[in-house]
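What follows is one structure encoded as structure tokens, with my remarks underneath.
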Amino acid sequence: MRKFAENQYPPAPSICLHELATEDCGMTRDKLESNHDFGYYSEGSSDTLIARTVSAPSAMQHEDAVQSATALVRDPAELSIASWNIAAPNNNPFEYWALHADKSYEELMSNVQNCIDHPESCDKCLSDIFTQSMYEELRNMLKCEGVQSLDDLDDAWSSDLQHRKAIQHFLKDISFGEKRLISMPDRITSSIKSMHGPMLFRPSPITGNDSDMKDLKTWWGLWTVFMFKTPFLIRGVLKKNAICLLDKIPRAKYNALSEREEEISIPLQILCLALFDAVFVHILSNVAPTTWQPLKNSLHKTLFENKASSCVSTLRKQYINSDVIFIQEASESFASRAGVCLDHFVLRPTGVDARRSQLSLILVKKSSFIRTSARDLTSSVISLMETKCLTPGDLCVFEISSQTGQYILACFHGDSDGHCTAPVIVALNQLTESYPLHTFLLGIDANTSPHSLSLSAASLPHLSPAASIRAPDVLCAAGHEATGGAGGAGMLAARR
């Protein structure tokens, strides 16, 4: 559902119960019937079949391809490489259209789609959904937290937001996506580890929270407790509440923001997130009042529970022989499991903030590389960039030696608009000029922007064409032009 509000392609795939599922937003309904993956949700004594639609090969085809690849006799000097965006922040059970044995699921999705496409009959002003008393309660809680610029927030609410139609002028206004006023706080607060260990989810239709949100009043009580009154343990540090985890959204990276919006971006993104959650509670409570929560819970249980362990399991089964695995959008949980369960060292940049669950990591095979030779060069690359568009954790760059040579390994997860792709490529190219005898391997899940990507072959002489892939289904193969696009295609580039 988030894609309706932000008019952008959803993030990379999640894991179903049995196989890697790579999503294709352009998939038509007739393709869904023949291209899917299966899982089961158990409730009581019955099992409900749920199929996650995929654009990757079927399980049988996928296994045959991997077995064929691993059966090839490789030159000892060659490396087997994979790249995979595991989309750790994504746990929205309604983000993709699945195949569900419960017919009420299709009815729910069709009704929501109809509401979005033809909102005239079901649209309301935001103030009729998120009432003035709810706004005042939110403002008072923000004031108690010491949040600044609340007078400016009042102006944004009273002169603009409260008068907007919830669907036509809020969910479908692409500027909220361009400014990250919903997706940024959603990714940080959708799932957070509690003080006592288990993961807690923000009360919302698009998270794994299984509390009863039967109406807006009930939802609002749950939402305020989670956001303002629930402490969290983040990497061993106790945080008072979810509000403490939010930072200003930088205009340098998201230039759709005005200077004023950047200044008040903490309270503004909290308000926008509350409005977003409230609108979807309202829509779902109207189109499927008795079925949306059971369906949501069944989808989340099947598709997202134990996601980190499922990702590691897929790597163990299918890519255990890969010498280098580039991982984008990884969580701390994945990083910890990979370090223990795989025959790979986990290389990660120092000093990154794991709250966003969007870490770029590099996994290198223990038998192929010398761990003590690894040196973090991430900060060196960042210092070469003219624009400060990177978020800590998006880029990971290491120098490392193998038994046969020296390497520069880089893993990058680009921003949705693609503004950082070109500056990162240029900075990496500048860095590698200082390492002429090293082999340069780059794993990217990046988007491109027609305004920022104006690089020619002459400006990047050391980057050779490589395979355009939806990793990790295809291994790096030279000879194809590397591309990136709005859907976040992955690519590998190698300098020999």
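The values are calculated or read from the model by the stated rules, or taken from the named source; none is laboratory data. Everything numeric in this text was worked out from a predicted model, so none of it was measured. Every residue, glycine as well, gets a Cβ built from its backbone with ideal geometry; the counts of neighbours run over all protein chains shown. Ligands, DNA and RNA are excluded from the accessible area calculation, which covers all protein heavy atoms including side chains. Shrake-Rupley method; radii C 1.70, N 1.55, O 1.52, S 1.80 Å.
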Want the number for V237 to S367: 0.36 nm per residue separation, take away the alpha-carbon distance, what's left? 43.3 nm
What accessible surface, in Å², does a 1.4 Å probe find on K165, ignoring ligands, DNA and RNA and rounding to the nearest 10? 70 Å²
Rounded to the nearest 0.05, FRET efficiency between E120 and I174 (Cβ-Cβ, R0 22 Å) equals 0.65
Please count, across segment 167-310, the pairs of lysine residues with Cα atoms under 24 Å apart that sit 8 or more places apart or on different chains. 23
Taking the alpha carbon gyration tensor of segment 253-329, what are the square roots of 5 times its eigenvalues, largest first, to the nearest whole Å? 35, 27, 8
Taking a 1.4 Å probe, which of H169, H413 shows the most accessible area, and what order do the others take after it? H169, H413
Log10 I(q)/I(0) at q = 0.23 Å⁻¹ for segment 203-280, from Debye over equal alpha-carbon scatterers, is -1.09
How long are the semi-axes of the ellipsoid equivalent to segment 107-147, from square roots of 5 times the Cα gyration tensor eigenvalues, in whole Å, largest first? 33, 12, 7
Round to the nearest 10 and report in Å² the accessible area of T404, as given by a 1.4 Å probe over the protein chains' heavy atoms. 100 Å²
Selection from I266, T230, T218 lying farthest towards where the dipole of segment 150-271 points positive, charges on Cβ: T230
Can you spot the lysines whose alpha carbon is less than 20 Å from K365's alpha carbon? Ignore those fewer than 8 places along the same chain. K317
